[in-house]
Amino acid sequence: MDTQTELYTSLQRYLNHLSGRNLSRYTAIAYQTDLRQFLAWLSETDVTVEGPRKITPTHISDYLSYLSGLGRSGVTRVRKLAAIREYFLYLVDVEKSLSFSPAEHLKRPKQERKQRVFLRVDEYMKLLNAAAGSPRDYAILQVFLQTGIRVAELTGLTLADIDLAACIMLINGKGNKQRTVHLEKKATQALRAYLATRPHSTDQHVFLNYQGSGISVRGVMDVVEKYRKLAGITKKFSCHSLRHTCATYKSVKGYTAVELQALLGHERAETSMLYTHLARDAKQLMLDTSL
């Protein structure tokens, strides 16, 4: 990759601009990766494109078609187009090196409706029972199931974020937006039991790995997969599936879209409304509503 060309120096200026914005580390890395892949494809398919001015809407459309041919999902292609659009908006609005964006009028790729996996009552009970011998892992699973927290939010929790006496937890969500959630009895009890056995450490993260440092996202994913197997659950699910499970059963118990929005930290209440159809499915599967 020739980083001396106008194309790549322009990209580097944009990435420097991104570092000054209030973006999560994961979002910044995703933008960088998506744009580098796009420019690498351009370099291989059209050697005449020496700078941003030479990029046309056709180039971008062809790239999205290329990704489709590789089997990339609509969700992935929408994300990559969003990164490309942001790059050109920077060139037009901030740097003012372009008079218009070639990505401005492109249609979004169709997104396949992604199936939201949630656990039946018997499944999440098996999961919790499998982790009962580990206070840390049991608490991780209960916090997921009771609060619908994202995995990155869980790994970011610090001791100062939890007030067990008041039964509340401060969550640092996407875009550094904070929300406070109420801890119900099961989550409070699980956290209290874990904190009583938590190793002494200078690291202030709530959940520690076996070296005494804050557990990583990958580490939490491994925990969930470990107990999926130990519980004998053949259905494939992830940390995010536990978030869906929480939201689904809260909806079953009567939570409104606005209440779910506050709990889950969604930008829009419309996103939370997606759980109403899952709640209807869950009602048919439920043995009880003890979650």
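The values are calculated or read from the model by the stated rules, or taken from the named source; none is laboratory data. Just so we're clear, the structure is a prediction, and the values are computed from it rather than from any experiment. For neighbour counting, all protein chains shown are included, and Cβ atoms are generated from backbone atoms with ideal geometry for every residue, glycine included.
Given the condition surrounded by fewer than 21 Cβ atoms within 10 Å (Cβ to Cβ) and within 20 Å of Phe118 (Cα to Cα), answer yes or no: does some residue in segment 185-195 qualify?
Yes - at least one qualifying residue is present in segment 185-195.
Across segment 16-56, what is the number of residues that are out of contact with any Leu (no Cβ under 8 Å at 6 or more places or on another chain) and either basic (Lys, Arg) or in contact (Cβ under 8 Å) with a residue 12 or more places away in the chain (or both)?
So the count comes out to 18.
Quick one: count up the residues across segment 159-173 that are in a strand (DSSP E or B) and surrounded by 14 or more Cβ atoms within 10 Å (Cβ to Cβ).
The number of residues fulfilling the criteria is 6.
Ile149: closer than 23 Å to Glu259 by Cβ, within 19 Å of the chain's Cα centre (by Cα) and part of a loop (DSSP other than H, G, I, E, B), yes or no?
Against the criterion (closer than 23 Å to Glu259 by Cβ, within 19 Å of the chain's Cα centre (by Cα) and part of a loop (DSSP other than H, G, I, E, B)), Ile149 qualifies.
Which members of segment 5-36 meet the condition of being in a helix (DSSP H, G or I), of a type in the set (A, V, I, L, M) and under 21 Å from Asp93 (Cα atoms)?
Leu7, Leu11, Leu15, Leu18, Ala28, Leu35
Report whether or not Thr155 is surrounded by 15 or more Cβ atoms within 10 Å (Cβ to Cβ) and not in a strand (DSSP E or B).
In short, yes.
Looking at Tyr63, Tyr14, Tyr26, Tyr31, which one is among the aromatic types (Phe, Trp, Tyr) and loosely packed, with under 14 Cβ neighbours inside 10 Å?
Going through Tyr63, Tyr14, Tyr26, Tyr31 in turn, the sole match is Tyr26.
Before we move on, is Arg198 among the basic types (Lys, Arg) and at pLDDT 95 or above?
So Arg198 passes the test.
Residues in segment 182-196: is at least one at negative phi, in contact (Cβ under 8 Å) with a residue 60 or more places away in the chain and not in a helix (DSSP H, G or I)?
No: zero hits.
Yes or no: segment 225-244 includes at least one residue that is part of a strand (DSSP E or B), assigned by TED's automatic domain parsing to the domain that holds Lys126 and among the hydroxyl-bearing types (Ser, Thr, Tyr).
Checking segment 225-244: not a single residue is part of a strand (DSSP E or B), assigned by TED's automatic domain parsing to the domain that holds Lys126 and among the hydroxyl-bearing types (Ser, Thr, Tyr).
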